[in-house]
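Engineer: Take this structure, written in structure tokens, and hold onto it; I'll ask about it next.
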Amino acid sequence: MLGLSYRVPCALLSRSWSFLRDRGTHGCEGMLLWAGKSEPPQATLTRLVIPAQTAIKTRLGVCVAMHESAQHEMPRSLKSGEQYLIRVHSHPARAFHSETDDENLVLSHDGAISIVVPNFCNRDYVLAECAVFEYCFGSGWRALFRNEIVKRFTLL
């Protein structure tokens with residue numbers, strides 16, 4: 001699944017940014033998943049899933065943790081032919097993949113995508129303004145270059 005191109009409905013992106021922005025107004029990170037149908041070399045995102053989660057704020061920073069119950073519910077909530085393809089979450093300032101992000105393998109299949117939105121998603125970002133990473137089993141997360149993001153993600 002490495003190297004898939006993704007078709008992203010504008011409504012899915014808009015609902016995602018709204019959720020992350022709402023969490024950000026409370027000084028919290030948010031996390032969501034995009035499910036879709038994959039027919040290599042392309043995948044079409046079909047649904048936004050917001051798992052039960054807890055925002056954590058300490059003097060050291062912020063993070064978000066998915067509830068254990070949500071981890072068990074995730075597979076059961078998929079529709080026929082769907083799979084979780086992309087994890088999206090926000091950061092309070094710049095977008096990057098933190099050590100916690102690297103270790104928190106909500107999605108860990110070859111080709112899984114992790115998108116980090118900067119500034120608590122304080123505006124409607126284009127995906128190329130986010131930090132986008134692809135998981136490669138055995139070597140971990142690889143940052144996609146801006147030109148790769150533009151080429152691989154198409155808004156519908």
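The values are calculated or read from the model by the stated rules, or taken from the named source; none is laboratory data. Everything quoted here is computed from the prediction, not taken from an experiment. No Cβ is skipped: glycine too gets one built from the backbone with ideal geometry, and neighbour counts run over all protein chains shown.
Engineer: Among the numbered criteria (1) among the hydrophobic types (A, V, I, L, M, F, W, C); (2) out of contact with any Lys or Arg (no Cβ under 9 Å at 6 or more places or on another chain); (3) without any contact (Cβ under 8 Å) to a residue 40 or more places away in the chain; (4) closer than 23 Å to GLN53 by Cβ, which single criterion is violated by ILE86?
Structural biologist: Checking ILE86 against (1) among the hydrophobic types (A, V, I, L, M, F, W, C); (2) out of contact with any Lys or Arg (no Cβ under 9 Å at 6 or more places or on another chain); (3) without any contact (Cβ under 8 Å) to a residue 40 or more places away in the chain; (4) closer than 23 Å to GLN53 by Cβ, the one that fails is (3).
Engineer: For residues that are charged (D, E, K, R) and part of a strand (DSSP E or B), scanning just the stretch 110-156, find the one that is surrounded by the most Cβ atoms within 10 Å (Cβ to Cβ). Give the derivation first.
Structural biologist: Our first condition is that a residue be charged (D, E, K, R); within the stretch 110-156, this holds for 110, 123-124, 129, 134, 142, 146, 148, 151-152.
With the extra rule that they be part of a strand (DSSP E or B), the set shrinks to 134, 142.
Working: GLU134: 20, ARG142: 14.
Among those residues, the one meeting the criterion is GLU134.
Engineer: Let me ask another. Quick check on my filter: what residues within the stretch 35-74 are in a strand (DSSP E or B), hydrophobic (A, V, I, L, M, F, W, C) and within 15 Å of SER90 (Cβ to Cβ)? Give the steps one after another, and end with the answer.
Structural biologist: Start the filter on the stretch 35-74 by keeping residues that are in a strand (DSSP E or B), which leaves 35-39, 42-49, 53-58, 61-66.
Checking the rest, the ones that are also hydrophobic (A, V, I, L, M, F, W, C) come to 35, 43, 45, 48-49, 55-56, 62-66.
Answer for the stretch 35-74, where residues must be in a strand (DSSP E or B), hydrophobic (A, V, I, L, M, F, W, C) and within 15 Å of SER90 (Cβ to Cβ): LEU48, ALA55, ILE56, VAL62, CYS63, VAL64, ALA65, MET66.
Engineer: So is LEU32 of a type in the set (A, V, I, L, M, F, W, C) and part of a loop (DSSP other than H, G, I, E, B) or not? It would help to see each step written out before you state the result.
Structural biologist: Details: of a type in the set (A, V, I, L, M, F, W, C): yes; part of a loop (DSSP other than H, G, I, E, B): no.
When the stated conditions are applied, LEU32 does not pass them.
Engineer: Return the pairs, sorted by first residue and then second, in which the second residue is at pLDDT below 85 and polar (S, T, N, Q), the first residue lies in the stretch 50-72 and is at negative phi, the beta carbons are less than 8 Å apart, and the residues are 6+ apart or on different chains.
Structural biologist: PRO51/GLN71; ALA52/SER69; CYS63/THR100
Engineer: Somewhere in the stretch 63-73, is a residue closer than 13 Å to GLY30 by Cα, surrounded by 13 or more Cβ atoms within 10 Å (Cβ to Cβ) and out of contact with any helix residue (DSSP H, G or I) (no Cβ under 9 Å at 6 or more places or on another chain)?
Structural biologist: yes
Engineer: Looking only at the stretch 93-104, count how many residues are touching a residue at least 12 places away in the same chain (Cβ under 8 Å), loosely packed, with under 15 Cβ neighbours inside 10 Å and either of a type outside the set (Gly, Ala, Ser) or touching an Asp or Glu at 6+ places or on another chain (Cβ under 8 Å) (or both).
Structural biologist: Residues flagged as touching a residue at least 12 places away in the same chain (Cβ under 8 Å), loosely packed, with under 15 Cβ neighbours inside 10 Å and either of a type outside the set (Gly, Ala, Ser) or touching an Asp or Glu at 6+ places or on another chain (Cβ under 8 Å) (or both) within the stretch 93-104 amount to 4.
Engineer: Sticking with this one: Look through the stretch 21-62, keep the residues that are within 22 Å of ARG123 (Cβ to Cβ) and touching an Asp or Glu at 6+ places or on another chain (Cβ under 8 Å), and return whichever of them is surrounded by the fewest Cβ atoms within 10 Å (Cβ to Cβ).
Structural biologist: That would be ALA55.
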